[in-house]
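Read through the structure below, which is laid out as structure tokens, and then see the notes.
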Amino acid sequence: MPSLITIVRNKFLEAIRSVNPPGKWKILVVDEFSQKLLGSVLKQFDVLEENVTLIESITSNRDPQPEFEAIYLLMPTSQNVDRIIRDFSNGFRQYAGAHLFFIEGLDEALFQRLTASEAEPHLQGLKELFLNLWATEAQVYSLHEPGMFFSMYTPPRTETAFKLARNRLEEDLRFVSKMISNLCITLNEFPFIRYYMPPHHSPLGALKPNVQTRPPPPPESSARWRTNLARGAEARAYESVEGDHATKLLSFMVQGNLEEHKKANPEFAKTSELVRPRATLIITDRTMDMLAPFIHEFTYQAMANDLLPIENGVKYTYKFQSSVGAYEDKTATLADSDSVWTEVRHMHMREAIDKLMADFNKFLEENAVFKGEGAASLNDMKEMLANLPQYQEQREKFSLHLNMAQECMAIFERDKLPLVANVEQNCATGITSEGKVPKNLVEEMVPLLDSREVINTNKVRIVALYIQHRDGVPDEDRRRLYQHARLTLAEQDAVNALTLMGVRIGRVASDRDTKKKVKQKPLNEEEYELSRFKPLLRTILEDHAAGKLDNTLFPYVKEAPSTAPVAASLRSPPPQATSLRSQKPSWHRAAKPGTAASENRQRIIVFVAGGMTYSEVRETYQLSTTLSKDIFIGSTHIVTPRHFIDDLKVLDLGGVGSHSVPSGISEGRQQQRTFQEYYDDKYFTKDAPPRQSAPATLPVPQSRKPIRLSPTNSYASSTNSTTPSPMKEEKKKKKGGLFRF
């Protein structure tokens with residue numbers, strides 16, 4: 001299946017390549033946010049290779065370049081529209097012409113402002129790209145919005161705060177719905193939409209039914225109160241808040257967004273020659289599976305992100321032995337471009353180590369580096385790597401993953417994870433490795449809680465899993481667990497905060513067990529003893545693919561597949577470039593010969609509001625193969641157990657002191673902002689301060705016009721660039737342009 005990173009990269013390249021001015025060279029103008037999105041899938045060299053001679057920030061003090069046409073690649077904010085107009089107003093002309101590409105849909109009022117301005121004669125075209133999302137892996141996308149966790153689940157502090165908090169949350173959900181819609185538009189899919197309806201708890205956080213946010217009750221004398229069909233709008237509105245879960249609100253918002261886009265763009269998701277079964281979008285949230293964030297996972301990517309200090313799942317700093325034998329700190333990027341990483345990241349750590357050693361020995365054999373036996377252990381690999389100075393790239397890759405594997409296994413032994421994980425697996429699955437009900441769970445757990453060799457974070461994980469296994473415990477029992485584990489007050493708060501996520505932690509004798517509509521299925525495949533638990537998402541996806549997923553647990557927003565028309569394909573006529581405003585997506589292409597089988601695979605798009613785990617990411621890849629579906633998974637952000645526990649500690653405080661929103665989430669407003677107002681606030685950027693002095697300069701010939709260095713840089717380091725002369729333009733293009741920030 002095509003990589004999501006490649007799809008997004010190609011969209012950006014297609015936009016840049018679509019502009020071909022008479023002079024060949026062009027300037028790219030970006031803002032702070034669009035530059036980061038562009039940089040996440042393209043390197044500076046890739047951009048400059050497309051006849052881009054200069055990259056400028058729209059907020060900087062730019063020199064006029066009236067001999068070049070410019071591509072504006074910007075977020076569609078009111079600020080940026082005003083800046084574009086300013087570039088071509090009052091007789092001033094910043095560039096020869098402007099080709100506008102907005103990262104997502106432009107508000108109609110802003111479009112009218114553009115076309116009614118002095119800049120209009122200079123605008124060569126306008127296109128909306130709908131690319132405001134982060135493609136982090138081949139099948140993974142993210143919004144990079146960890147603060148949404150607190151917006152969704154933090155309860156209002158007072159009765160009077162409910163309306164403000166709900167207004168804030170609905171603004172946030174509307175923004176999230178736009179990002180999900182961007183993905184669907186990028187994939188050219190108008191999917192069926194299903195959403196998770198929690199059966200065992202009412203709406204959480206700001207959506208909890210409250211007199212401030214509930215519509216007034218219907219008149220008691222109303223005769224229409226009798227039957228469900230004839231209750232009247234007032235009665236339905238009054239009761240609807242009982243089912244206003246975040247997943248439901250989000251799903252209906254996405255449906256509305258896509259219907260609106262389809263109305264404006266009839267070619268979107270239009271059936272043509274190739275018929276791919278219509279996709280399904282499944283929207284769930286973190287509360288669906290509260291076991292997965294606490295479990296110790298022992299597949300390579302999940303284990304490494306759990307145990308090692310990897311920044312945002314991507315950056316890892318380790319000790320690298322140079323060719324002269326000295327050790328130095330090196331920061332590596334764990335990305336899809338690293339073939340070793342992509343091959344082993346979803347393997348169990350034992351298999352990953354075996355694979356690394358086998359590949360290393362194969363490398364030695366193919367390159368005839370050593371004579372005699374190959375590496376038999378990780379330490380052998382370490383010694384041999386120090387003697388491979390002539391194979392720098394291979395050395396660095398093997399050294400990185402050798403270091404990560406060794407560190408993980410050292411922590412595995414030091415923190416008593418075999419014993420800890422055994423208790424976790426018994427709690428999460430409800431059975432032992434022999435397939436029996438665990439009867440000695442407390443006897444196995446208490447010594448670990450008492451032990452000073454088990455770190456407190458792992459004790460929190462054990463307690464949280466045990467409480468969920470028991471479906472709540474008496475308050476006195478919970479207090480004793482805290483005492484055995486010697487948990488701090490903040491760590492106790494993390495466990496207590498499970499109630500804010502719909503988990504029952506207390507229990508009295510009269511309480512009945514919570515009825516679960518979906519349970520983990522026993523797996524037939526051979527399992528590692530400490531990896532028996534599988535995220536609930538696996539069961540959801542398998543049941544959906546088999547047509548067995550409960551419609552009351554995951555209802556459809558509108559139509560179900562059985563009643564829907566035939567699905568959409570990828571091909572539609574290419575958009576015309578003659579109109580200023582072209583809303584038609586420009587990526588509709590006919591399938592290449594020989595790829596029909598893979599192109600026709602049905603897609604499933606998953607969105608987990610409130611954070612997804614690496615174990616859920618792994619299941620997505622594996623199920624894509626077993627179910628023969630193209631499955632993409634995304635979330636507001638990705639969570640590791642450590643960060644999840646840290647967020648739970650301050651969930652009741654609105655995130656105050658958290659890593660993502662240290663000052664906490666806002667209280668909200670009496671009146672909701674329009675989406676454009678919300679968007680302008682979110683993507684606000686400051687203009688650079690005006691220049692202190694602007695000495696007059698004599699006109700310079702076009703081929704030798706100097707370009708001023710700017711105060712800050714984008715991407716990597718910048719280089720000086722001049723406007724290319726006819727004789728040397730190819731050389732200049734190769735040497736690179738200037739990122740002016």
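The values are calculated or read from the model by the stated rules, or taken from the named source; none is laboratory data. As the structure is a prediction and not an experimental result, all values here were calculated from the model. All Cβ positions, glycine included, derive from the backbone under ideal geometry; neighbour counts span all protein chains shown. Note: areas computed on protein heavy atoms with side chains; ligands, DNA, RNA excluded. Shrake-Rupley method; radii C 1.70, N 1.55, O 1.52, S 1.80 Å.
If you count, for each residue, the other Cβ atoms within 10 Å and average over each peptide, how do 124-131, 446-453 line up from highest to lowest?
For the peptides 124-131, 446-453, the packing ranking is 124-131, 446-453.
Working out 0.36 nm times the residue gap between LYS548 and SER666, then minus their Cα-Cα distance, what length gain in nm do you get to one decimal?
Full-extension gain reported as 38.4 nm.
Can you give me the Cα centroid spacing of region 532-546 and region 413-481 in angstrom?
Result: 24 Å between the Cα centres.
Work through the residues other than ARG83 whose Cβ is under 11 Å from its Cβ and net out their charges, Lys, Arg +1 and Asp, Glu -1. Let's see the in-between values first.
Details: positive: ARG62, ARG86; negative: ASP31, ASP82, ASP87, ASP687.
Around ARG83, the surrounding residues sum to -2.
Of the peptides 342-352, 472-482, how do they stack up when ordered by the mean number of other Cβ atoms within 10 Å, highest first?
Output ranking for 342-352, 472-482: 342-352, 472-482.
List the trypsin sites (Lys or Arg not before Pro) within region 144-173 that fall in a DSSP loop (any state other than H, G, I, E or B) and whose Cβ has at most 16 other Cβ atoms within 10 Å.
For trypsin sites (Lys or Arg not before Pro) across region 144-173 that sit outside H, G, I, E and B with at most 16 neighbouring Cβ atoms in 10 Å, the list reads ARG157.
Provide the FRET efficiency to the nearest 0.05 for the ARG642-SER562 pair, computing r from the beta carbons and using R0 = 35 Å.
That pair, ARG642 with SER562, gives E of 0.20.
What net charge is computed for the residues neighbouring LEU537, neighbours being all others with C-beta under 9 Å from the C-beta of LEU537, Lys and Arg scored +1, Asp and Glu -1?
In short, -1.
What list of ³J(HN,Hα) couplings, whole Hz, do you get for region 474-484 from phi and the Karplus terms 6.51, -1.76, 1.60, once you set θ to phi - 60° and write x for glycine and proline?
In residue order, the calculated couplings are x, 4, 5, 5, 5, 4, 5, 4, 4, 5, 4 Hz.
Ranking request for peptides 542-550, 61-69: highest mean number of other beta-carbon atoms within 10 Å first, then the rest in descending order. It would help to have the intermediate numbers written out before the result.
On the way: 542-550: 14.0, 61-69: 16.8.
Ranking the peptides 542-550, 61-69 by packing returns 61-69, 542-550.
Decide, for region 254-368, between rounded, prolate and oblate: order the square roots of the alpha carbon gyration tensor eigenvalues as a ≥ b ≥ c, take rounded if a/c falls under 1.5, and otherwise choose prolate if a/b is larger than b/c, else oblate.
prolate
Between THR457 and ASP681, what FRET efficiency comes out of the Förster formula 1/(1 + (r/R0)^6) with R0 = 51 Å and r the beta carbon distance, rounded to 0.05?
According to the calculation, E is roughly 0.90.
Please give, to one decimal in nm, the separation of the simple spin-label points placed at GLU351 and ASN61, each 7 Å out from Cα toward the Cβ.
Rounded to a tenth, the inter-label distance reads 6.0 nm.
For region 626-699, which chymotrypsin sites (Phe, Trp or Tyr not before Pro) are both in a DSSP coil and crowded by at most 13 other Cβ atoms within 10 Å? Before the final figure, lay out each step's value.
Values: sites: PHE632, PHE644, PHE675, TYR678, TYR679, TYR683, PHE684; in loops: TYR683, PHE684.
For chymotrypsin sites (Phe, Trp or Tyr not before Pro) across region 626-699 that sit outside H, G, I, E and B with at most 13 neighbouring Cβ atoms in 10 Å, the list reads PHE684.
Modelled label-to-label distance, HIS201 and LEU419, 7 Å Cα→beta-carbon offset: nm?
3.2 nm
Taking a 1.4 Å probe, which of LEU308, LEU164 shows the most accessible area, and what order do the others take after it? Intermediate values should be presented prior to the final figure.
Numbers: LEU308 5, LEU164 30 Å².
In descending accessible area the options line up as LEU164, LEU308.
Under unit Cβ charges (Lys, Arg +1; Asp, Glu -1), what dipole magnitude, rounded to 20 debye, does region 454-537 have relative to its Cα centre? Walk me through the numbers on the way to the answer.
Working: 17 positive and 12 negative charges, 52 e Å.
Roughly 240 debye for region 454-537.
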